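Here the structure is laid out as structure tokens; the discussion comes afterwards.
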Amino acid sequence: MSEITFDLGALRCALTFSGVLGSHGTVSSRFAEVRAFGPQKLPLSDPKGFGIRPVQQHQGRWASPIASPEVWYSMEIFSRESVISFALSFFGLESSLPLAFSFYVKADSACVGSESLAKRCLKRYQGDSRSVIFGKSFCLEANRVSRLHVIPLAGDESFWEADYLAAFELDPLEPRVSYSLRSLSERRIVQTYPKEEL
């Protein structure tokens, strides 16, 4: 199976493992949305460095970056109550070919720790990974410390009309990492996607 969709009520996700220069999918909530997410080659300014490359179907769990075809990774998706988690295991990471895992987000605001980043401003965050709150809608975080970039974007068509880029650099010495999106909504979350198909 190459495409997965599920709905937690406050968070809805569409996920794919196929495409060219494509995203893994989207995650949406009431006031913010991940327009695209996936692997990205550094420097982050190169738009052709983002996305997955076409590969034969591997049980809908394996992918490879378009910019680093020698790298492969598996992804498992977990959902519970108001949280969606993506657990990744990378193979072939090299320090000479730095990669990040990026999230392009449409939101009214972004906050990294106590630091606020306004839309379309020149201020950015670069440092140890921390929780990032988007639009008071959801929180994005990694399960281990890495270098994090949170960059306000122009909000135009060049990056899926996203307002922010959050990119977590990958460490070749720590090939397993997971990223979680937690809804900040107080709505009751109802699991509707069949658990056995995830």
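The values are calculated or read from the model by the stated rules, or taken from the named source; none is laboratory data. Predicted model only: the values in this text are computed from it and were never measured. Positions of Cβ are backbone-derived with ideal geometry, glycine not excepted, and every protein chain shown enters the neighbour counts. Please note that ligands, DNA and RNA were not included when accessible areas were found on the heavy atoms of the full protein model with its side chains. Shrake-Rupley method; radii C 1.70, N 1.55, O 1.52, S 1.80 Å.
With every protein chain in place and a 1.4 angstrom probe, the accessible-area ranking of 16, 5, largest first, reads 5, 16. Altogether, the Stokes-Einstein calculation at 37 °C and 0.692 mPa s, with the Kirkwood radius of the chain over Cα pairs as Rh, returns a diffusion coefficient of 196 µm²/s. Taken as Cα centroids, the stretch 140-176 and the stretch 70-129 sit 4 Å apart, rounded to the nearest whole angstrom.
3J(HN,Hα) along the stretch 100-109, derived from phi through the Karplus expression 6.51 cos²θ - 1.76 cosθ + 1.60 where θ = phi - 60°, amounts to 10, 10, 10, 10, 9, 10, 9, 7, 6, 7 Hz, with x in place of Gly and Pro. Straightening the chain between residue 121 and residue 89 buys 8.1 nm, computed as 0.36 nm per residue apart minus the Cα-Cα spacing.
Each of residue 48 and residue 131 was given a label point 7 Å from its Cα along the Cα-to-Cβ line. The distance between the two points is 4.0 nm. Straightening the chain between residue 18 and residue 74 buys 18.8 nm, computed as 0.36 nm per residue apart minus the Cα-Cα spacing.
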